[in-house]
Amino acid sequence: MKEDIEYSDFKVDDIYSIINFMKENYIQLFLLLLVPIIIYVVDHISNINAVLFGLPSPIPGVSTQSQPKNMQTQDKLLKKRKGSKK
């Protein structure tokens with residue numbers, strides 16, 4: 001019943017009730033306005049990241065994914081070592 005009394009005071013036609021509502025819920029309204037700004041900033045950072053990783057390597061002959069190749073050569077060396085012990 002208390003909720004009915006609180007919401008009955010709020011009327012869209014009355015400007016004072018809207019101002020009172022904004023005074024009581026200013027933090028929530030601020031956060032609601034902050035959401036699109038956060039989304040825009042994250043999207044901008046994501047675009048910058050895509051541009052940076054889309055560029056070719058500055059050193060010719062060096063690929064950006066060199067670690068899997070190193071793992072393959074290490075696996076081959078381990079297999080050769082295991083085979084030579086037999």
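Just so it is clear, none of the values below were taken in a lab; they were calculated from the coordinates. Not measured: the values here are computed from a predicted model.
Phi-derived couplings, Karplus 6.51 cos²θ - 1.76 cosθ + 1.60 at θ = phi - 60°, listed residue by residue for the stretch 38-51: 5, 4, 4, 5, 5, 5, 5, 5, 5, 5, 5, 4, 5, 5 Hz, with x used for Gly and Pro. For the stretch 24-30, backbone phi angles converted through the Karplus equation (6.51, -1.76, 1.60; θ = phi - 60°) give residue-by-residue couplings of 6, 10, 5, 5, 5, 5, 5 Hz, Gly and Pro being listed as x.
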